[in-house]
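Presented below is the structure to which this report refers.
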């Protein structure tokens, strides 16, 4: 940040912690920061945790974020703030976006939920401030990486279309134990949701939807074999942006071998119940442990014929591990999700952004090489 700003973080979970710490540790000019949560004690705990984690002293304030209505304290904070970073569950995103619009704040969120994203896009189309949606890891970073790779492919090979654009992310444990071959590194409800809601893809250059977990395959990345399958939300707006330009486009989630077969076995029990997402979440939480020592594996590739008719392919793969920010050690899922969110905050605050800013509209190269992203993901060079 090149200037001083006042920023609100809504939420007090692991991503809110990481976003707050990154803001206060890596910003050239520290913002005034408020942490809000429906349980005030959690907001206060996160605020103190951030203060204790920075190498230089800082002050972080906390407040109660009620489920309904606004307190006088919250109104005062909203009136003096510049931006709202939404780290709450995705079903609450429209409510937070409405607050941002009503109080003329910039807004950025993380959710992969499609219906809520569409609601916010409609809400914010005439906003006086900027709204960056789906700007975490997946959706978020991976979509910019894939889009940037596609653009570079077209420049390099003097074409305007490609046959395939595939991009994948796995939030994984280092070890996989049966029968589920999985460990939670992020939200259980988020995992269950992406396994059950439809995926938006391109097939034969046209937008369509396919059931989640309907195109399983195996993939080798850096010598390690994973399984992949369609899941919802990770493609952001790329299917719409690249319709007519890419024959086949999809986002898939990477898992250790054997996991998806176990998930399908569980889902076969829920075919006739009214709330399968909740049922799958509860089933997984009963047997799948939470794991701290995680890793993020991501991969993007574009394939097609060059202007001479020769089939070409370009790929990028990255692997991120837990890292220390300030005095605290953060899990890989925390840094890889929070860094793009904070980078989006800088984009909004230091540019004249108004209305919705879609992932496909963000200039990939400067964003992916931004001050908050490079310490986590490293530099991105798309080639020639």
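Round to a whole angstrom and tell me the spacing of the C-alpha centers of segment 312-384 and segment 206-273.
Distance between centres, Cα-based: 23 Å.
May I ask you to sort 268, 61, 41 by Cβ crowding, counting other Cβ atoms within 10 Å and putting the fewest first?
With the sparsest Cβ surroundings first, the list reads 268, 41, 61.
Once you have the Cα-Cα distance between residue 64 and residue 324, take 0.36 nm times their residue separation minus that, and quote the gain in nm to one decimal.
Length gained, residue 64 through residue 324: 90.7 nm.
Round to a whole angstrom and tell me the spacing of the C-alpha centers of segment 284-298 and segment 15-50.
24
Which ordering of 103, 195 is given by a fewest-first count of other beta-carbon atoms within 10 Å?
103, 195
Sorting check: for 339-347, 9-17, 186-194, which peptide has the highest mean count of neighbouring beta carbons within 10 Å, and how do the rest follow?
339-347, 9-17, 186-194
Multiply the residue gap between residue 163 and residue 268 by 0.36 nm, knock off their C-alpha separation, and tell me the result in nm, one decimal place.
Length gained, residue 163 through residue 268: 34.4 nm.
At 0.36 nm per residue, and after removing the present C-alpha to C-alpha distance, how many nm does the segment from residue 208 to residue 75 gain when stretched out fully?
Length gained between residue 208 and residue 75: 43.6 nm.
Return the inverse of the average 1/r over all pairs of distinct C-alpha atoms in the chain, which is the Kirkwood hydrodynamic radius, in Å to one decimal.
21.3
Could you check what % of the DSSP bridge pairs in segment 1-132 are antiparallel, to the nearest 5?
Approximately 0 percent, going by the DSSP bridge assignments.
I want the antiparallel fraction of DSSP beta bridges within the chain, as a percent rounded to 5.
55
Can you give the angle from 0 to 90° between the axis of helix 332-349 and the longest principal axis of the chain, with both taken from C-alpha atoms, to the nearest 10?
For 332-349 against the chain, the angle is about 70 degrees.
So for the pair residue 371, residue 151, with labels modelled 7 Å out along Cα→Cβ, what separation do we get in nm?
A separation of 2.2 nm, rounded to one decimal place.
First check a/c for segment 1-154, with a ≥ b ≥ c the square roots of the eigenvalues of its C-alpha gyration tensor; if it is under 1.5, answer rounded, and if not, answer prolate when a/b is larger than b/c or oblate otherwise.
It comes out oblate by the Cα gyration axes.
Consider a paramagnetic label point 7 Å from the Cα of residue 176 along Cα→Cβ; state which residues of segment 238-270 have an amide N under 18 Å from it.
252-267
State, as an integer percentage, the relative contact order of the chain based on alpha-carbon contacts under 8 Å between residues 6 or more apart.
21
Provide the FRET efficiency to the nearest 0.05 for the residue 218-residue 126 pair, computing r from the beta carbons and using R0 = 45 Å.
Computed FRET efficiency for residue 218 and residue 126 comes out at 0.45.
Which of 270, 367 has the fewest other C-beta atoms within 10 Å, and how do the rest follow up to the most?
Lowest to highest Cβ neighbour count: 270, 367.
Taken together, the values in this text are just the output of simple stated rules run on the coordinates, not laboratory data. It should be emphasised that the depicted structure is a prediction, and the values quoted were computed from it without experimental measurement. Neighbour counts run over all protein chains shown; Cβ positions are idealised from the backbone, glycine included.
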